[in-house]
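The values are calculated or read from the model by the stated rules, or taken from the named source; none is laboratory data. Source: prediction; values computed, not measured. All Cβ positions, even for glycine, are placed from backbone atoms using ideal geometry, and neighbour counts span all protein chains on display. The protein model used for the area step is the full one, side chains on, heavy atoms only, and it has no ligands, DNA or RNA in it. Shrake-Rupley method; radii C 1.70, N 1.55, O 1.52, S 1.80 Å.
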Amino acid sequence: MTFALCVHQVRRHYFGEQAVDHVALEMLKTKRDWIGASGNIILDVDEDYFGVELPAQSLVDAGLDWNMVAELHLTLAYIFCPKHINHEGLGNRMMRELIGSFINRCRTAVKSDQDTCPVSIDEIRSVVYKVVLAYWNRDVLLFCPEKTKRLLVVVNELTDALYQFKLNHLRALMEFGFCLETSPASAYFRQMGFGSFGLCQGANTPNDSVVFLHKPDAAEIRTRTSQLREILEIIDARHRPNVVTLCRSVRDGYTPRSLFSSIESNILDIFKELPGQYDVVYDENLYGGQGGWPDRHKTN
């Protein structure tokens, strides 16, 4: 008997249609078959439906030089190679502690009206070394270098980069936070075995964005929530989806971070009110865990 391995080319055709939200609502109301026959439906809701921001713009507005910020971000990529989601929180915690120790050492010798560090960079290096080596001993897999000697070389580069910033700018960086560029569930992370880690600036950065930016106010959020509720009520009644995914788009820098809590809670409230039964499951790789952006500094 002869066996033949055959490769068959499968062709699929589909019709795609895009509609702005108010048009989609009108189509759902007037055309019962607009979505098509009932079947297995996956509904994806993205929180940047409410608005899109340029998160790193806050650093520029605070007076930070973007070239210096970009240099710092690049330096961090040579230090951190997180292997799993817990490393994201650990890296953020280390950078907050490191910058905090840096500022405290400068403040012990600085005049009240001075915003530059009067302490020599060699003294600052010793402060930085102490913090980094403590985390190295805690979990060596967080870092890219495999030897302490190489680690200290790249840490010197990090210290040089930080030393250029004013103290109030360092505080802004510390509060801004540090995170993975992509979720551990992403194809890039799985292929490389580790993720790229740096300032939590997202993919939407100054001088490198072509998306339409819009930060809504409270009234607009209420209006969009009401409109989304109408859309979801119709879909739930006629084509109840098998799975609903809710994308935060916070780590990648699109959903306005200051509005994240109200946006997400509004969407979840809608699903609680729908006749269909929707169980909420939080992905283990979410930045900040279940609490999201406000809890970014609480994760280990």
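Relative to the globular-protein estimate of 2.2 N^0.38 Å, the Cα radius of gyration of the chain stands at 1.24. Remark: the chain carries a charge dipole of roughly 740 debye about the Cα centre, counting +1 on each Lys and Arg Cβ and -1 on each Asp and Glu Cβ. Model label sites at LEU246 and SER262, defined 7 Å from Cα along the beta-carbon direction, differ in position by 1.7 nm.
Residues whose amide H lies under 5 Å from that of CYS144, counting only those 5 or more places away or on a different chain, are PHE80, CYS81; hydrogens are built 1.01 Å from N in the peptide plane. Three principal axis extents describe the C-alpha atoms of region 70-121; from largest down they are 42, 21, 16 Å. Using only side-chain charges placed at the Cβ, +1 for Lys and Arg and -1 for Asp and Glu, the dipole size of region 57-215 relative to its Cα centre rounds to 500 debye.
Springs between Cα atoms under 10 Å define the GNM used for the chain, and in it the highest mean-square fluctuation of ILE35, ILE79, ILE267 occurs at ILE35. Convex hull volume per residue, computed on the Cα atoms of region 143-300, equals 169 Å³.
The mean accessible area for residues of region 80-123, using a 1.4 Å probe and ignoring ligands and nucleic acids, is 46 Å² per residue.
For the chain, set up a Gaussian network in which alpha carbons nearer than 10 Å are linked by springs, and say which option among LEU158, LEU28, LEU59 fluctuates the most. In this elastic network of the chain, the residue with the biggest mean-square fluctuation among LEU158, LEU28, LEU59 is LEU28. Pairs of Lys residues in the chain are counted when their Cα atoms are under 24 angstrom apart and they lie 8 or more places apart or on different chains; the count is 10.
Entry comment: accessible area of region 150-300 is 50 Å² per residue, from protein heavy atoms only and a probe of 1.4 Å. Based on C-alpha pairs under 8 angstrom that are at least 6 apart in sequence, region 167-300 has a relative contact order of 24 percent.
Simple rule: put +1 on each Lys or Arg Cβ and -1 on each Asp or Glu Cβ in the chain, find the dipole, and look at GLY202, ALA237, LEU54; the Cα lying farthest toward the positive end is GLY202.
When the chain is modelled as a GNM with alpha-carbon springs shorter than 10 Å, which of SER120, SER58, SER249 fluctuates the most? Judging by the Gaussian network model, the answer is SER120. Only the Cβ atoms of Lys and Arg (+1) and of Asp and Glu (-1) were treated as charged; on that basis the dipole of region 156-285 about its Cα centre amounts to roughly 140 debye. These residues, ARG150, ARG257, ARG125, go from largest to smallest accessible area, 1.4 Å probe, as ARG150, ARG125, ARG257. Considering only protein heavy atoms and a probe of 1.4 Å, how much of the accessible area of region 181-285 is carbon and sulfur, as a whole percent? Carbon plus sulfur share of accessible area: 51 percent.
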